[in-house]
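**Q** I am attaching a structure below and will ask some questions about it afterwards.
Readers should treat all values here as calculations from the given coordinates under stated rules, not as data from a laboratory. Since we're looking at a predicted model, the values are computed, not measured. Note that we place each Cβ from the backbone using ideal geometry, even for glycine, and neighbour counts take in every protein chain shown.
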Amino acid sequence: MIIGSHVGFGKDQLLGSVKEAISYNANTFMFYTGAPQNTLRKSIDSSLTNEAKKLMKENNILIDKVICHAPYIINLANNLDESKWQFSINFLTEELKRCDELGISYMVLHPGSAVSIPRDVAIKNIIDALNIILAKSSKCQILLETMAGKGTELGINLDELKAIVDNTHYPIGVCLDTCHLNDSGVDLNNFDEYLNLFDQMIGLDKIHCIHINDSKNAIGTHKDRHENIGYGTIGFETLLKIIYHDKLKDVPKILETPYVGKDILDKERIYPPYKFEIEMILNQQFDEKLIEKINEYYK
Ligand code: FE
Ligand code: FE
Ligand code: ZN
């Protein structure tokens with residue numbers, strides 16, 4: 001089982017991320033190279049990277065299963081403002097370079113939002129942008145994330161993902177997100193059906209990451225609000241079946257569930273759930289005292 005969570009990437013860069021992952025008993029992790037909502041980035045410090053790699057080795061964390069996530073404000077889909085589109089292209093090119101420097105193999109990307117233009121034109125823009133970006137050859141592969149369909153998001157069904165994967169001239173993978181799949185209208189109780197269709201249309205070998213999240217909302221509501229494992233509408237048993245699926249054994253599973261605390265607005269007193277969610281997943285037993293345990297552990 002390769003399982004971890006979203007972790008920070010602060011002043012200690014990858015070294016801090018690895019330490020955080022280890023504190024959750026994770027054997028992989030996902031990070032943003034800076035704040036996910038902005039594009040301010042520091043250059044990579046190679047001595048911190050080397051220390052991080054050493055620590056990963058000591059703790060059986062395989063670097064080729066570690067995931068980077070592109071900031072979600074970049075949008076390759078809409079080019080009405082040419083300079084904004086160019087900025088997104090340049091920024092993603094830089095992100096891939098940073099991943100190459102860090103030795104990271106995969107970067108998850110939200111395909112983008114159409115905003116005011118037709119969806120098929122928006123898909124074409126994404127393909128054009130990716131062809132420009134990937135022409136500058138990077139070892140790091142882009143994984144398109146399956147999206148919930150909030151607003152004008154693209155990549156919300158297999159047809160849209162397939163169009164991008166098939167028409168980009170370079171290898172592109174996919175990252176499944178269980179909350180997004182549910183919210184986009186996929187019935188995860190019939191996950192095998194979805195997986196078979198995915199295999200026929202895109203190929204299971206394209207899946208290199210799975211975001212494991214429960215959902216606060218019902219199937220097909222296009223909301224994208226993550227919930228702690230077993231506390232949402234997808235449920236523990238269904239998530240467990242996906243996590244332990246035979247055909248997805250070697251794919252890293254990444255938790256992006258919300259921090260918990262008595263007062264969610266009190267930033268000082270909300271805590272990461274990941275150590276306890278990972279434990280619960282490995283035990284394969286739902287823990288109805290999960291939230292209390294987390295509060296107790298970190299307070
Ligand atoms: Fe994402
Ligand atoms: Fe996700
Ligand atoms: Zn989400």
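**Q** Note the full-extension length gain between M201 and K84 as 0.36 nm times their separation in residues minus their Cα-Cα distance, in nm to one decimal.
**A** The span from M201 to K84 would gain 38.9 nm if fully extended.
**Q** At 20 °C and a viscosity of 1.002 mPa s, what translational diffusion coefficient does Stokes-Einstein give for the chain, taking Rh as the Kirkwood radius over Cα pairs? Give it in µm²/s as a whole number.
**A** Details: Rh = 19.5 Å.
In µm²/s, the coefficient rounds to 110.
**Q** If the cut-off is 18 Å between C-alpha atoms, which aspartates and glutamates fall inside it for K275, apart from same-chain ones fewer than 8 positions away?
**A** E20, D214, E227, E256, D287, E288, E292, E296
**Q** Same structure again: Could you order the peptides 98-105, 226-233 from most to least packed, using the average number of other C-beta atoms within 10 Å per residue?
**A** Per-residue Cβ counts within 10 Å, averaged per peptide and sorted highest first, yield 226-233, 98-105.
**Q** Could you pull out every Cys in the chain that lacks a partner Cys with its beta carbon under 4.7 Å away?
**A** Cysteines lacking a close Cβ partner in the chain: C68, C179.
**Q** Further question on the same structure: Could you work out how much longer the chain between D64 and E101 gets when fully extended? Use 0.36 nm per residue separation minus the Cα distance between them, nm to one decimal.
**A** Here the answer is 12.0 nm.
**Q** Sticking with this structure for a sec: By DSSP, what percent of the beta bridges with both residues in the chain are antiparallel, rounded to the nearest 5?
**A** That works out to approximately 15 percent antiparallel.
**Q** Peptides 197-209, 122-134, 58-70: what's the order by average Cβ count within 10 Å, highest mean first?
**A** 122-134, 58-70, 197-209
**Q** Can you tell me the length gained on complete extension of the stretch A35 to D187, counting 0.36 nm per residue apart and subtracting the Cα distance?
**A** So the chain would gain 51.5 nm between A35 and D187.
**Q** Next question, about the same structure. Could you rank the peptides 11-21, 110-120, 41-51 by their average count of other C-beta atoms within 10 Å per residue, with the highest value first?
**A** On the way: 11-21: 21.4, 110-120: 17.4, 41-51: 13.8.
Packing proxy ranking, top to bottom: 11-21, 110-120, 41-51.
**Q** Something else: Return a single number: how many Lys pairs in the range 110-216, at a sequence separation of 8 or more or on separate chains, have alpha-carbon atoms below 16 angstrom apart.
**A** Lysine pair count for the range 110-216: 4.
**Q** Relative contact order of the chain: what whole-number percent is it, with Cα pairs under 8 angstrom and at least 6 residues apart?
**A** 16
**Q** A further question follows. Taking 25 Å as R0, compute the FRET efficiency from the Cβ-Cβ separation of K136 and V115 and round it to 0.05.
**A** So the FRET efficiency works out to roughly 0.45.
**Q** Another question about this same structure. Suppose a student asked you for the relative contact order of the range 1-127, using Cα pairs under 8 Å spaced at least 6 residues apart; what percent would you report?
**A** Reported as a whole number, the value is 24 percent.
**Q** Lys pairs in the range 38-110, Cα-Cα under 28 Å, at least 8 apart or on separate chains: how many?
**A** Eligible lysine pairs with Cα atoms under 28 Å apart amount to 14.
**Q** Also, I was wondering about something else. Work out the charge dipole of the range 36-110 with +1 on the Cβ of Lys and Arg and -1 on the Cβ of Asp and Glu about the Cα centre, then indicate which of W85, I67, L96 is farthest towards its positive end.
**A** Projecting each Cα onto the dipole axis, the largest value belongs to I67.
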